[in-house]
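One structure below.
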Amino acid sequence: MATAGVLLDWWGRPGLGLIFLGVAVWSGLVVNHLRTQLAQAEKPRLLMEERLLQTQKLAALGEMAAGISHEINNPLAIIRQEAEWLEELLKVARFQDASQLGEFRDSLGEIIRQVERAREVTSKVLDLARERRAVIQKLDLNRLLEDMARLVEEEARKRQIIIKRNFAENLPPLESDGPLLRQALLNLLLNALQAIKTEGGEITLTTTWVDPDHVKIAVRDTGEGMAADIRAKIFLPFFTTKPPGQGTGLGLAITQTIIHKLGGTIT
């Protein structure tokens, strides 16, 4: 209303002022519409650039991973061997204070646990970076997902978590790489289990036949969810919301790499 008043006062002709006002409003609508269209058209390009950047990062990581893993795993093996040797010596060792023996044994146990964790990280880095050609075969997707659910069902039962199945009937055979798809689905199931912090809860597995060329797999849990800024980072290598020492931050990054390799998308 204020702008209309200025236009009317400036031109001194109400009719012409209204025409100019109408043109200004219409121009603004056209510009906003064009901006919306441009923003929508820009999304696929930005997504492609993001995937390209991720691929380049993984390629660089792949060049370094094998050498780094070798250089790290060798000293880790020696550290573990020496720690286990010290554990053997403890069986015949004598301490003036008996409590020192327990502390020494606990320290050696912690050394061995941290060595195993470091080896797990290097192994997952290699999995993330390793170039493996997909071997395509016909798969029963519902059966494959059921097999993966059974692997984690005992752990879920201990925490009173129910795994529900909502599988589409008469799904056609899926042409994909079985071992790679199993690894990706198992990672998603483990992530869902870890997302439920308390006793009790549900994980729902759903398969949907979207069209003749696509099938959708959904893994839903009753965890507390995540903020938008966290969700934007979950597929980044080494990103984790877990406390230090409780997660490598590689599970979902590996899963995304596998799904993209198999020609799918994951959100």
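Details
- Near residue 159: Cβ cut-off under 14 Å, other residues only, Lys/Arg at +1 and Asp/Glu at -1. The net charge is -3.
- Annotation: peptides 150-162, 183-195, ranked by per-residue average of other Cβ atoms within 10 Å with the highest first, follow the order 183-195, 150-162.
- Once the chain from residue 216 to residue 93 is taken as fully extended at 0.36 nm per residue, the excess over their C-alpha distance is 38.3 nm.
- When the pairs 91/197; 138/164; 158/242; 91/158; 158/261 are compared against a 29 Å limit on Cα-Cα distance, 91/197; 91/158; 158/261 fall above it.
- With a Förster radius of 25 Å applied to the C-beta separation of residue 143 and residue 230, the computed FRET efficiency comes to 0.15.
- Fully extending the segment from residue 136 to residue 208 would add 23.8 nm, taking 0.36 nm per residue of separation and subtracting the current Cα-Cα distance.
- Taking N as the residue count of the stretch 136-259, its C-alpha radius of gyration divided by 2.2 N^0.38 Å amounts to 1.09.
Every number in this text was worked out from the coordinates using simple rules, so none of it is lab data. No experiment lies behind these values; they were computed from the predicted model shown. Cβ coordinates were reconstructed from backbone atoms using ideal geometry, including for glycine residues, and neighbour counts include every protein chain displayed.
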